[in-house]
Structure formats: structure tokens, C-alpha cells
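J.: Have a look at this one before I ask anything.
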Amino acid sequence: MRVLVTGGTGYLGRAIVRTLAARGHEPVIFARRATSGGLPGRAIDGDVRDAAALVDAARGCEACCHSAALVSIWRRRREDFDDVNVGGLEHAIAAVRETGITRFVYTSSFLARPPRGRTDPIAANDYQRTKVLADRVARAARERGSPIVRLYPGVIYGPGVDSEGNLVGRLLRDHAAGRLPGLIGPDRIWSFSWIDDVAGAHVAALEHDTPAPEYELGGENAPLVRAFELAAAKGFKAPPRTLSYWLSEAIGAAEVARVKMFGGSPLVTRGTVEIFRHDWPVGHAEAARDLAFAVTPLSTGVARTLEELQAVSGRNPST
């Protein structure tokens, strides 16, 4: 099966492409720098904001996996989130319709759903706001007859590129380097979804003849600090201290003011702090039933992530 993968050079996209190739499929990688990604399959440089380019890339494909997204806690031009996360999905839906693709998977986010204890999603920052909007677009497309299947991973983690899409890996790297001042809401519940588990579920959803309209791809639900406790048990540094919400909000406001004046990226924003105030458990029962989704224990995932950190740094990441 020839499969168009948008965002195929991203953190999750790369894992999906490799899983597709390992299962005998033909990935068509569509990303801004696809030809320099070094991935198996056909690479096409393009941007999901370019509707015509996306249609051209989709021609001849039998399936589409739309994983392209702008994953960031802040951008100077907030409309960038709308253009990529909402507009890019709309372009993918149109490309699937125009080319007659019948298997279509969209990577949503746990942040597009309500946190525990609430009935409606929140929009704490522009990433979350646009993933909520995109989720509505995907639901409406399904109601109009699109074959789109929505997938909701938890916090995707594991070895791989150092990016905002690899939150746990990035936090561990920052902690090892002394760049992590503390944890916000360490007792809040997150769902830790191992990268290869999530990628495998994407491919399984494409392979399934009659998938459900949506699947949760939650991993182990545990407090945020648990990942650092498990790392410490493996010889990593002791868990970071806890930052109060009020202090974190003050730091977030100061960080945004700093980058507006001098450039760069903020370490935290007030919107990020709001997200860390909530619990975000995610299930996986339907995915286990239909997609053979199995959860990698957090202890196993953290150990493998630390091994990769040590291999990259060439030393014990606790030093």
C-alpha cells in the first residue's frame, strides 16, 4: 500500500514512516525538508499550507496519514498555528477527497479533549486551541463521508529527535544539562505513550478494513514526576524541585516578554502552566481490541530513553 505521510520528518512522522516500510508498505514522505530526512520511501518537499502541492503528492496513493502539525508552546505569529494545524488538515481532507483515497488517519492530540473533571476542551495556548478546532474539522469531515479516523495519543515519548514534540525526552535532556529549573504540577496525571506503540497503531488503523471513527492511544497513566523517579532509579539525577503555579506563571509572562524583545523561544508560558494544572489520563481499550495496541510500561520506556541519551552524549546523563 502506498501511503502519503504528511509531517513525515517530524518526531512521530519518522516513526510512522519506518513502521510502514518495515511492514512492506511504500511511504511517500511529504514535509518541508523531506528529501534531506534520510528515510525509506519517496520524499517530496512541500508544505501542508500549499493545497495544490498536497494534492499532487497524494496522487497515486492508496492511503494518507496526516501527522503534520505545528507543535510549540508559543509563536510570535499566532496565526501560524491556524494555518498549519487547521488549514493543513483541511487541505489533507480535500486532497484525500480529490484523489479518491479511502484510508485516512489523522493524528489528533489528548489536548484536543477535555481534561479529567471537565466536559469541554480548554484552549490554554494556541497549539491546544488549534488542535481543538482541527478536531472539530475532522469530526465534521467524517459526518460528510470522509474516511478519516482520528487518533488521540497521550504524551508521546522515547528516543529520537530533540523537539517540542518529544516532551519527555526533552525534559530529561534539559534536566541532565541543568536547564530545567523545576517541574510544574509534578503530581498531575499524564498518559505516557511510547513512540513505537503509537506509530504501530497508526499503521494498524490504515491496514484495518473497518476501523472505528476514533481511537485513544493512551499509555501508562502516571504523575509527571514518575518519569523522573524512574530515571533516578536508573542512576539519573534526582527529580527536579517543584515550581509553584504562581511562580511558574510569573516566569511564563517574563519569558514571553523576553522573546518578544530579544527573540528565541520561551522556556514556559502562562498557557503552558494552565495545561499543567490539569490531569490528562488517556485510555486505549478500543485500540487494543482493533489495532493490537499494547502499552510499553513507563519503566521500560524511560530506561530505553536514558540509554539513547547516554549513547548520544557518550557519558552517563546524570553527570
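The values are calculated or read from the model by the stated rules, or taken from the named source; none is laboratory data. Computed from a prediction, not measured in an experiment: that's the story for all the values here. Quick reminder, even Gly has a Cβ in these numbers, built from the backbone with ideal geometry, and neighbours come from all protein chains shown. Heavy atoms of the whole protein, side chains included, go into the accessibility calculation; ligands, DNA and RNA do not. Shrake-Rupley method; radii C 1.70, N 1.55, O 1.52, S 1.80 Å.
J.: With equal scatterers on the alpha carbons only and no solvent term, can you work out the Debye log10 of I(q)/I(0) for segment 62-106 at 0.17, 0.22, 0.25 1/Å?
T.: Summing over Cα pairs of segment 62-106 leads to -0.51, -0.72, -0.83.
J.: Looking at the P(r) of segment 184-257, how many percent of alpha-carbon pairs lie beyond 22 Å?
T.: The answer is 50 percent, as a whole percent.
J.: Averaging sequence separations of C-alpha pairs under 8 Å and six or more residues apart, then dividing by the length of the chain, give the relative contact order as a whole percent.
T.: 17 percent
J.: While we're here: Where does the chain land at 222 nm, in deg cm²/dmol rounded to the nearest 500, when only DSSP H runs of n ≥ 4 count, each adding -39500 (n - 2.57), divided by all residues?
T.: Dividing the helical sum by the residues of the chain leaves -12500 deg cm²/dmol.
J.: Binning at 10 Å from 0, report for segment 160-206 what percent of all alpha-carbon pair distances ends up in each bin.
T.: In whole percents, the pair-distance histogram is 21, 44, 26, 9, 0.
J.: In whole angstrom, and with the biggest value first, how far do the Cα coordinates of segment 18-147 range along each principal axis?
T.: Principal extents (Cα only, largest first): 43, 34, 29 Å.
J.: Scan segment 34-106 for trypsin sites (Lys or Arg not before Pro) in coil per DSSP, keeping those whose Cβ has at most 10 other Cβ atoms within 10 Å, and list them by number.
T.: In loop regions of segment 34-106 (DSSP not H, G, I, E or B), the sparsely surrounded trypsin sites (Lys or Arg not before Pro) are R76, R77.
J.: Taking segment 101-232 as the region of interest, what is the percent of Cα-Cα pairs per 5 angstrom bin, listed from the shortest bin to the one with the maximum distance?
T.: Spelled out per bin, shortest first, that is 2, 9, 17, 21, 20, 15, 9, 5, 3, 1, 0.
J.: With angles folded into 0 to 90 degrees, how steeply does helix 224-233 sit against the dominant principal axis of the chain? Use alpha carbons for both and round to 10.
T.: On a 0 to 90 degree scale, this one is about 70.
J.: Any idea what Rg and Dmax come out to for the chain if you just take the C-alpha atoms, in Å?
T.: 19.1, 55
J.: Can you send over the carbon and sulfur percentage of the accessible area for segment 11-57, probe radius 1.4 Å, protein chains only?
T.: Result for segment 11-57: 44 percent of the exposed heavy-atom area is carbon or sulfur.
J.: Further, regarding this structure: In a shell of Cβ-Cβ distance under 12 Å around P181, excluding P181 itself, what net charge do Lys and Arg (+1) and Asp and Glu (-1) give?
T.: Surrounding charge for P181 is 0.
J.: Which order, highest average first, do 117-125, 20-28, 85-93, 201-209 follow once you tally other Cβ atoms within 10 Å for each residue and take the mean per peptide?
T.: Ranked from most to least packed, the peptides come out as 85-93, 201-209, 20-28, 117-125.
J.: Let me know the charge dipole size of segment 191-319 about its Cα centre in debye, to the nearest 20, where only the beta-carbon of Lys, Arg (+1) and Asp, Glu (-1) is charged.
T.: 940 debye
J.: Now for a separate question. Restricting attention to the alpha-carbon atoms of segment 15-90, what are Rg (one decimal) and Dmax (integer), both in Å?
T.: According to the Cα coordinates of segment 15-90, Rg and Dmax are 13.3, 42 Å.
J.: Next question. Hey, how much of the P(r) for segment 1-48 falls beyond 15 Å, as a percent of Cα pairs? All intermediate terms of the calculation are to be shown ahead of the outcome.
T.: Working: 304 of 1128 pairs.
Roughly 27 percent, rounded to a whole number.
J.: One-quarter of the Cα convex hull surface for segment 204-319, in nm²?
T.: Approximately 10.6 nm², given one-decimal rounding.
J.: How many Å² of accessible area per residue for the chain, probe 1.4 Å? Display every interim value, and only then the final one.
T.: Details: 13780 Å² over 319 residues.
On a per-residue basis, the chain sits at 43 Å².
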